[in-house]
Amino acid sequence: MSTAHALLGLLDRSPAYGYSLKQDYDQLLSPERPLAFGQVYASLARFERQGWAEILTVESGDGPERKLYGITPEGVTELDTWISTPQATGAFAASTLFARISIALLSGRDAEDVLSAQRGSHMVRMRELTSRRRGAEPAVLLQLDYELTHLDADLRWIQEAGQRLDALRKQWQGTAGSPSREAGGRR
């Protein structure tokens with residue numbers, strides 16, 4: 001997810017301070033992964049430089065100045081473009097799990113163990129998410145279902161990958177520079 005664009009979208013609802021944007025982001029979009037304050041304020045500064053947001057008021061008090069930000073027409077145009085542009089289909093092609101399996105195979109490590117551990121981790125997470133679905137509000141339910149669907153797709157890929165490991169291992173044993181266990185590769 002583009003955190004900056006999500007923050008811009010929250011700012012589109014109404015003018016806000018950095019602190020309240022962070023709270024909204026954490027509560028509405030990412031309760032499991034709270035956003036760092038620095039990321040919020042860096043995004044707001046970037047929005048201002050790019051002309052997507054402007055400071056509406058500055059309040060002075062006992063602590064640091066509080067700046068109230070509002071979205072500009074250019075910011076609305078940018079947000080509309082981001083919302084309406086489909087996610088790049090290649091976004092899933094560079095999976096960390098795929099890279100870990102490939103490196104395990106290339107280095108002579110046990111890729112089956114990697115798949116098995118990931119499967120177990122996914123199953124635990126799916127059980128947690130499923131139990132949280134009971135009585136969840138619609139927005140939270142939508143988020144939980146999104147994650148559950150992706151975990152389910154990962155599990156299908158893990159199963160298929162496990163069925164192809166031998167063929168891939170054989171293919172890569174013939175590749176120059178790829179060690180095998182017999183050739184002294186690490187386990």
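Below, the figures for the structure above:
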item	result
Hey, residue 141 at pLDDT 90 or above and surrounded by 15 or more Cβ atoms within 10 Å (Cβ to Cβ) or not	no
Every pair of residues 6+ apart whose Cβ atoms lie under 9 Å, when the first sits in segment 107-119 and is in the same structural domain as residue 162 (by TED's automatic domain parsing) and in a helix (DSSP H, G or I) while the second is at pLDDT 85 or above and among the polar types (S, T, N, Q)	115/159; 119/159
Matching residues in segment 1-47 - criterion: being closer than 16 Å to residue 71 by Cβ, buried (at least 17 other Cβ atoms within 10 Å of the Cβ) and of a type in the set (A, V, I, L, M)	4, 6, 7, 8, 10, 11, 16, 21, 40, 44
Criterion: under 30 Å from residue 11 (Cα atoms), touching a residue at least 12 places away in the same chain (Cβ under 8 Å) and of a type outside the set (A, V, I, L, M) - qualifying residue of 59, 65, 147	147
One residue from 86, 179 being assigned to a loop (DSSP other than H, G, I, E, B), surrounded by 11 or more Cβ atoms within 10 Å (Cβ to Cβ) and at pLDDT below 75	179
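The values are calculated or read from the model by the stated rules, or taken from the named source; none is laboratory data. The shown structure was predicted, so the numbers you read here are calculated from the model rather than taken from an experiment. Neighbour counts run over all protein chains shown; Cβ positions are idealised from the backbone, glycine included.
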